[in-house]
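J.: Let me give you the structure first, and then I'll get to my questions.
The values are calculated or read from the model by the stated rules, or taken from the named source; none is laboratory data. This is a predicted model, so every value here is computed, not measured. Don't worry about glycine lacking a Cβ; one is built from the backbone with ideal geometry, like all the others, and counts go over all protein chains shown. Protein only, heavy atoms only, side chains kept; ligands, DNA and RNA dropped before computing areas. Shrake-Rupley method; radii C 1.70, N 1.55, O 1.52, S 1.80 Å.
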Amino acid sequence: MRFGLSHITLTLALSLPAYSIQAQTFNDTGDILARAAQVEDIEYQIMVQRATQAAIWAMPATGMIDFLKGIRRDLGGDINDVVYLNKPFDSKHGFLTANDVTAYAWSSMTSEPGPLVVEVPAATDKVSYFGTIVNAWDTPIEDVGPSGADKGEGGKYLLLPPGYEGAKSKADLEADGYLVYETDTYQYGFAFRPRLYNGATDADAADYAQQLKVYYLSEADNPPPTTYLEASEEPYDSLPYYNHTFFEDVNDWLQGNPVRPQDKVMVSFLKDLGIEKGKPFEPTEQQLAAMDEGLVLAYAQMQRYFVEPGKATVPLWVDANGDMKTQWLVWDFAEGQAEAGFPYETETEVLVDDRAGGSYFWITYLPKYLGGGTFYLTGLNDSDGEMYDNTKTYKLNVPADTPAKDFWSVIVYSMETKSFIRNVDRVGLSSRDAADMQVNEDGSYDIYFGPKAPAGMESNWIPTPESYFLLFRLYGPEEGWLQSGWILPDMEKVK
């Protein structure tokens, strides 16, 4: 970044004369006219403020746009194409806190030409889907698969564009067998995680993904072939980056979607940054500098939300006094949002900070209905309460009785990007790797994290060449496990 937080603070301190409000009467402005006259470079300062707030506000939309940009840039595909994997992600892929154990399928889509159909295949005895269709703000529209609207029987999810006035009503379309949703954006996305049964493999998941179909309602009598793109060997990158491309993303969102009532104020502010509906984005050097500077503060705010206790996460295990038993954390969504399907809006406000720093700064594709057979624990601190140091070596003991019916997984993520650390041979380990790992006499596993593997423990080691955090996932958590007394031990520093 060109400018740091110290520059922002110094600029504001030098340009705004000090004035004490102590003993101020209701009509005492402290000679506001004279003090305002001393403010320098007003236009630039306003740009920086607008950039900061716009970045936090637009965080979910930029994340969604980057899925499409990655499809076009890295895969040579386009909107409405379906991307799938023959094997799970690895360190060459950029995808916010994705896992490295399942072969996803995903797509970026638009209903601007007309109502859009997403056809999800029925679950088989080998594969089903868990996942969500979302709008351009990453707001869940509906879940799919056995835990979604089609109940595992497959279904045609019909997305009606904003202002739809077709010949058939929503009720008529439902009578035709569609699962119909009225939406407030043109652009959408989905990311589906396969569940495998009866010895199924990633190849089965890849075959299943190629049964997904995306087409327009106007083509329903004879749908054209869906384009499928396989990405397991391609360096596909869907990450938002905190530089000039971030505001290119914001502009792309604006040009590709209607302006909703709740977006109008911020859309007005975007004009100061050269972003305006229906016009090319050609920022000046001054606007680029302001956006770069504003992003530093925006990133700092969202990062604070991520690491500060009680904001994005809270302790999972506490004693009767509320004191932490371990350092493991659990996601703490804004009150009522999980129950409401994560709109990040209430009757009175848009939950801008919770939506950004509390979620979409580091995750995507929240489900419409929380649950779905996976539980996440977040690791930021070791047993001494200190944040992980990537230059040190740590040990995590995973007990033999870890309550995951399917499997458990632990993955290292870059603290900067919230994705996999790049250019490493391994980003995580899971109980699916048990045959290749060393196991303790009691059936537990010692997983090591650090710049180098401890002697003889290479198979149980995950490299940490940069600042990181952990996600420990329970796939198929056993019923009642939270009340069972089971606890995942803390990360222990070994040197």
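J.: When semi-axes √(5λ) of the Cα gyration tensor in Å is calculated directly from the model, which label among (i) 39, 25, 23; (ii) 39, 30, 19; (iii) 38, 33, 21 fits?
T.: (iii)
J.: Something else: Tabulate in residue order the Karplus-calculated ³J(HN,Hα) for the stretch 166-182, using 6.51 cos²θ - 1.76 cosθ + 1.60 with θ = phi - 60°, rounded to whole Hz; enter x for Gly and Pro.
T.: x, 5, 9, 6, 4, 5, 4, 5, 5, 5, 7, x, 8, 8, 9, 9, 7
J.: For the stretch 336-495, what proportion of DSSP beta bridges, expressed in % and rounded to the nearest 5, is antiparallel?
T.: Here the antiparallel bridges make up roughly 90 percent for the stretch 336-495.
J.: Okay, helix-only estimate at 222 nm for the chain: each DSSP H run of n ≥ 4 adds -39500 (n - 2.57), divide by all residues, round to 500 deg cm²/dmol; what do you get?
T.: -7000 deg cm²/dmol
J.: Further, regarding this structure: Starting from the Cα gyration tensor of the stretch 295-339, take the square roots of the eigenvalues, sort them a ≥ b ≥ c, and report rounded, prolate or oblate (rounded when a/c is under 1.5, otherwise prolate if a/b is larger than b/c, else oblate).
T.: Here the stretch 295-339 falls in the oblate category.
J.: Provide the packing ranking of 74-81, 298-305, 125-132, i.e. peptides ordered by the mean count of other C-beta atoms within 10 Å per residue, highest first.
T.: For the peptides 74-81, 298-305, 125-132, the packing ranking is 125-132, 298-305, 74-81.
J.: Tyr129's amide H: which non-local residues (gap 5+, or another chain) put their own amide H closer than 5 Å, with H modeled 1.01 Å from N in plane and none for Pro or chain starts?
T.: For Tyr129, the qualifying residues are Arg195.
J.: How many Å² of accessible area per residue for the stretch 349-495, probe 1.4 Å?
T.: Accessible area per residue: 43 Å².
J.: Within the set Lys69/Lys452; Lys452/Lys493; Lys264/Lys311, which residue pairs have Cα atoms separated by over 24 Å?
T.: Correct reply: Lys69/Lys452; Lys264/Lys311.
J.: Shifting gears a bit: Quick one: putting +1 on the C-beta of Lys and Arg, -1 on the C-beta of Asp and Glu, what dipole do you get for the chain around its Cα centre, in Debye to the nearest 20?
T.: 380 debye
J.: What percent do you get for the relative contact order of the chain when only Cα pairs under 8 Å and 6+ apart count? Mind dumping the intermediate values first?
T.: Numbers: 998 pairs, mean separation 90.3, N = 495.
Contact order relative to length: 18 percent.
J.: May I ask you to compute the full-extension gain from Arg260 to Thr201, defined as 0.36 nm times their residue separation minus their alpha-carbon distance, rounded to one decimal in nm?
T.: Working: separation 59, 0.36 × 59 = 21.24 nm, distance 4.29 nm.
Extra length available between Arg260 and Thr201 comes to 16.9 nm.
J.: With just the Cα atoms defining each centre, how far is the stretch 422-475 from the stretch 383-417? Give it in Å.
T.: Their Cα centres are 8 Å away from one another.
J.: In the stretch 14-119, which GluC sites (Glu not before Pro) are in a loop and have at most 13 other Cβ atoms within 10 Å, using DSSP for the loop call?
T.: Glu40
J.: Using each residue's phi in the stretch 334-344, evaluate 6.51 cos²θ - 1.76 cosθ + 1.60 at θ = phi - 60° and report the 3J(HN,Hα) Karplus result to the nearest Hz, with x for Gly and Pro.
T.: For the stretch 334-344, the Karplus curve yields 3, 3, x, 6, 4, 5, 8, x, 6, x, 6 Hz.
J.: Ignoring ligands, DNA and RNA, what percent of the accessible area of the chain is carbon or sulfur (1.4 Å)?
T.: 49 percent
J.: For the stretch 70-212, what does the accessible surface come to per residue with a 1.4 Å probe? Please give it in Å².
T.: 35 Å²
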